[in-house]
1. Using all C-alpha to C-alpha distances in the stretch 420-489, build P(r) with 5 Å bins and read off the rounded percent in each one.
2. Sorted by packing (mean other beta-carbon atoms within 10 Å per residue), highest first, where do 163-172, 138-147 land?
3. Under a point spin-label approximation (7 Å from Cα along Cα-to-Cβ), what is the K474-Q62 distance to one decimal in nm?
4. Return the ratio Rg/(2.2 N^0.38 Å) for the stretch 148-253, where Rg is computed over Cα atoms only.
5. Which of the peptides 201-207, 221-227 is most tightly packed, and how do the rest follow, going by the mean number of other Cβ atoms within 10 Å of each residue?
6. Work out how much length D113 to H90 would gain on full extension: take 0.36 nm times their residue separation and subtract the Cα-Cα distance, in nm to one decimal.
7. On a 20 Å Cα-Cα criterion, which of the cross-link pairs K322/K370; K259/K474; K50/K177; K126/K259 come out too long?
8. What is the packing order of peptides 399-410, 251-262, taking the mean over residues of other C-beta atoms within 10 Å and listing the highest first?
Amino acid sequence: MAQRYIIALDQGTTSSRALLLNAQGETCAVAQHEFTQYFPQSGWVEHDPKEIWDSQWRVLQQIIQSQALQPAQIAAIGITNQRETTVVWHRETGEPIYPAIVWQDKRTAALCDQLKTDGMTPYVRKTTGLVIDAYFSATKIRWILDNVPQARSWADAGKLAFGTVDSWLIWQLTAGKVHATDYTNASRTMLFDIQKLSWDSQLLDALQIPVSMMPQVKPSMAAYGEWTYEGVPIPISGVAGDQQAALFGQLCWQPGTAKNTYGTGCFMLMNIGDTIRYSNNGLITTLACSISPQPVYALEGSIFIGGAAIQWLRDGLKLIDKAQDSAYFAQQANPEHGVVVVPAFAGLGAPHWDMYARGGVFGLTRDSGKNELIRATLEAIAYQTQEVLAAMQQDAQQPIQTLKVDGGAAANNFLMQFQADVLQTTVERPQNVESTALGAAYLAGLGIGLWQPDDIGRFRAIDQVFVPQMTLEKREQLLTRWKKAVQRSMQWEA
Ligand code: ADP
């Protein structure tokens, strides 16, 4: 019998990607297409939903053609996507009524402040696991209903559909037959009850969003519908938001396992099993992917500036030509340099949540130079990760044995070794760092029974393990100095 394949559609913030896996879990083809970012006003970020779909369609076709796949060879499709980004379309025409409002968009900050003033914070936290923030979909939907002509009357007549990008892609692939999303994406809307696993009527009412707009919600591994390709129905059998897909792709399936993605920012998620825990340390609680019918929860901490600090060294300060050169210069630095960089360029995220913090460089002496500054910037990424992991372990009341890593900056060996040292935890980097797309592919393959969980365990090969080497005394000294620098960066603008 001919080889069968799984296709993962990885719809990211700046590009759409498609990944082809064979039945042995090997990546056979990858295609990527960037699309336009729109910044119509300060703090606003939009995408064109049609361009998202066109770019996703294009890469899907590209990998099919590059491997000359017959429709019957495509066993299933998995979808993973940028989370929270909001699309509203008309059910009859299938036309978006407004551009997609992207997760980074801050236009609804005032509405969020109003919800806080109205005392909604405890209810939102208990029901959705989230903090009230413009980041999540809820206030973006409300903005569209309030600002697009006719939107409110269409919504009241049941003619509008809301979806995160996964729903929009499912709608397109099924030619408008299916309006659905998965638990992980639903849990980022600020409208979903993560315990009852249903849309919350009190939050929908508070935001005046009719429930008729909302997609049906299913587990991440489920039968979502079919994409008909040359007359052959191909099941869509796995769907998850990008960070949860990465957690799944890193095989963090047991409580107490965690991954950190070192991209522009850093996103750390820890599987906490089937019981909800709320954070006392500024983390959010969210739904993760599950291989059983039971829901699984995760704690999540986001760091705003991760690899972006290395971009700052490259493009802002022009200290390096390429991001990867940072490791070389860091090795040249005086190891006892004493410089601390706090890259709070956009305030501080978890666990500090200080919008008014700003970046700072501390501990400079006459002999501090380029190498020390570069080294301190890499170290800052590791310190921030350490703080989030410490918060997670405290909230989950569970130590973690190994941190699994992925994302662009995880390629940096200096950073990974320093990370293991300041965590006093083993850091494990897989050979294939496409964790997000792999997670979606695994969900899809498991969903149709092409694979069993044990098969997937065999697919994952480790590239390198970083074992802590630093003395505890040295670590304490470094962490104390970092904390002092963070304190001095906080409330800077206030
Ligand atoms: P995103 O998905 O957020 O665009 P990526 O996972 O592609 O991010 O990672 C890119 C980020 O990682 C950039 O901010 C870049 O500066 C940083 N980066 C890439 N390679 C390295 C490296 N070898 N060392 C340190 N940082 C790196």
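Where a number appears in this text, it was derived from the coordinates with a stated rule and is not lab data. Worth saying up front: this structure is predicted, and the values here are computed from it rather than measured. All Cβ positions, even for glycine, are placed from backbone atoms using ideal geometry, and neighbour counts span all protein chains on display.
1. 3, 13, 15, 13, 12, 10, 10, 10, 7, 5, 1
2. In descending order of packing, they fall as 163-172, 138-147.
3. Taking the two extended label points, one gets 4.4 nm.
4. Taking the Cα Rg and dividing by 2.2 N^0.38 Å, one obtains 1.17.
5. 221-227, 201-207
6. Full-extension gain reported as 5.3 nm.
7. Beyond 20 Å: K259/K474; K126/K259.
8. Averaged packing, sorted descending, gives the order 251-262, 399-410.
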